[in-house]
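Just below is one structure, and these are the notes that go with it.
Every read-out reported here was derived from the displayed coordinates using simple, explicitly stated rules and does not represent laboratory data. Computed from a predicted model, the values in this text were never measured in an experiment. Neighbour counts are summed over all protein chains in view; Cβ atoms, including those assigned to glycine, are modelled from backbone coordinates with ideal geometry.
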Amino acid sequence: MINISLLGASGSVGESCLKVIDRFPDKLKLLNCSIHSNLKKGLEIITKYSPEYLVITDSNVDRGFLGTKKSNTIILYGDSFLKEIVSFNEIDIVVTAIVGAIGIHPTISAIQANKKIGIANKETLVTFGPYIKSLLKQSKSELIPVDSEHNALFQLINHKKKENINCITLTASGGSFRDFPIEDLKNVTVEQALKHPTWKMGPKITIDSASLVNKSLEVIEAHFLFDMPYEKIEIVIHPESIVHGIVENKDGSVEMYASHPDMIFPVAHSIFYPNPTPEILIERKPASFKNLTFKEVDYKRYPALPLAIQSGKMGGTAPCIYNAANEVAVELFLKQEIKFLEITEIIEKTLNKIPISYPESLEEFLEIDSLARKTAKIRKES
């Protein structure tokens, strides 16, 4: 039996993880999990899976709804408990499916506890990449990427010699506005931005997809996951979302990983790794994929991407600032306080305002993260 700690059980990746657990009830056990504020979902999880612990990270929820214990499940309130539940000896894998910098502390705890981590929280590596890499060198922990693109690349290059790889490519759907006239982007609405053409995701990630910030963050994450220089990481627009990762070999040959666009594939792979997923999850013959199209990224449509690559190459705290400013800007956009194109403007202004540094401690990174968030809000107000 594989015991799972699932952080972010009520999100889209968390839902996919629960589907995988449903598929293999004799092999997988949800030992503990977290949600943010969806108490009804929490009750469903308790009723169906009976985890030992459920952490509710929103400290403002009605605690009377679930109390401190429901059936055999102990209910804990506050994100500080995430660090504890991932460290239990019985845990075989921690799946970090929570969105945002809140994922950093439980990820650190899981690394220090030598856990296998199915990492779907890209902000952890983007924001604190150098620090996380230093921790991993001192631990037996292993990061298995859960994002569909990184998981695809992981499977393609896991047994390759790095010197035989010419470059790796992440595919991008292009998001909600891939076919919009560029001149119309200044007036798009939140409702339009949340209509993703392929994937069903949470609001923050869907907005990031529309601006291509999600892929921008994934480029930085790929740099840390695969120790690949930015010059060897590319992105192509692939509307069908069938091919998730591409590796170009030194001899000119190209290998692609393809699957139906469903997160159960990378989630299941990360849980069962290094063993293969035991059964077919979705049966799709290659002929059903029909046409596969690829095109280069238009930087005028997606100005956040070159800004991210520049941040990645600068290193140090630049990716941390980029991510923090984006989180603030997306929140403002979802509240309809700024326009869509202002998201990238706020990121760029924040990067220009804060000097880049190269800290070694987590506390210094956290200070810059906090400063960037405050600066992003000030830059908007000014």
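In which sequence would SER148, SER288, SER37 go, from the one with the fewest C-beta neighbours within 10 Å to the one with the most?
Numbers: SER148 25, SER288 9, SER37 14.
Ranked by crowding around the Cβ, least crowded first: SER288, SER37, SER148.
Normalised by the number of residues in the chain, the average gap of Cα pairs under 8 Å and 6 or more apart makes the relative contact order 14 percent. Taking a quarter of the surface of the Cα convex hull of the chain gives a mean projected area of 18.9 nm². By the count of neighbouring beta-carbon atoms within 10 Å, fewest first, ILE108, ILE356 end up ordered ILE356, ILE108.
Beta bridges per DSSP, both residues in region 2-145: antiparallel share near 5 percent. For region 150-314, the share of DSSP beta bridges that are antiparallel, to the nearest 5, is 70%.
Cross-link check: pairs LYS215/LYS349; LYS29/LYS115; LYS137/LYS377; LYS300/LYS349; LYS140/LYS215; LYS137/LYS353 evaluated at a Cα-Cα cut-off of 24 Å; pairs beyond the cut-off: LYS137/LYS377; LYS140/LYS215; LYS137/LYS353. The calculated P(r) of region 55-115, using every Cα pair and 5 Å bins from 0, goes 4, 17, 25, 22, 18, 11, 3, 0 in percent.
Listed by chain and number, the aspartates and glutamates whose alpha-carbon sits under 19 Å from that of LYS48, ignoring those within fewer than 8 places in the same chain, are GLU15, ASP22, ASP26. Computed from label points 7 Å out along Cα-Cβ, the spacing between GLU255 and MET314 is 3.6 nm.
Let's test the formula: R0 of 45 Å, r as the Cβ-Cβ distance of SER59 and LYS353. What FRET efficiency results, to the nearest 0.05? Step by step, r from the Cβ atoms, then E = 0.90. Cβ-to-Cβ counts within 10 Å put ASP262, ASP79 in ascending order as ASP262, ASP79, the fewest first.
Counting only residues at least eight positions apart within a chain, or on another chain, the aspartates and glutamates with an alpha carbon under 19 Å from that of LYS250 are GLU163, ASP227, GLU231, GLU234. Taking θ as phi - 60° and the Karplus parameters 6.51, -1.76 and 1.60, the scalar couplings of region 50-66 work out to 6, x, 5, 9, 10, 9, 10, 7, 7, 6, 9, 6, 6, 6, x, 5, 10 Hz in sequence order, x denoting glycine and proline. Of the beta bridges in the chain, as assigned by DSSP with both residues counted there, near 30 percent are antiparallel.
So which residue, out of SER71, SER34, SER50, gets the largest mean-square fluctuation from a GNM of the chain using Cα contacts under 10 Å as springs? For the chain, modelled as a Gaussian network with Cα springs under 10 Å, the answer is SER71.
The spacing between region 300-348 and region 89-106, judged by their C-alpha centroids, is 24 Å. Along the positive direction of the dipole of region 2-145 (beta-carbon charges: Lys, Arg +1; Asp, Glu -1; about the Cα centre), which of ALA9, SER34, SER134 reaches farthest? The one lying farthest along the dipole's positive direction is SER134. Entry note, region 231-365: relative contact order of 20 percent, from Cα contacts under 8 Å with a spacing of 6+ residues.
Roughly how many debye, to the nearest 20, is the charge dipole of region 67-147 about its Cα centre, given +1 on each Lys and Arg Cβ, -1 on each Asp and Glu Cβ, and no other charges?
120 debye
Remark: region 323-330, residue by residue, has Karplus-estimated 3J(HN,Hα) of 5, 4, 5, 5, 4, 5, 5, 5 Hz, where x stands for each Gly or Pro and the curve is 6.51 cos²θ - 1.76 cosθ + 1.60 at θ = phi - 60°. Between GLY315, GLY67, GLY118, the GNM of the chain built on Cα springs shorter than 10 angstrom shows GLY67 fluctuating the most. If you wrap the tightest convex hull around every Cα atom of region 150-314 and split its volume per residue, you get 132 Å³. Under a 5 Å amide H cut-off, with hydrogens placed 1.01 Å from N, ILE2 pairs with LEU28, LYS29 among residues at least 5 apart or on other chains.
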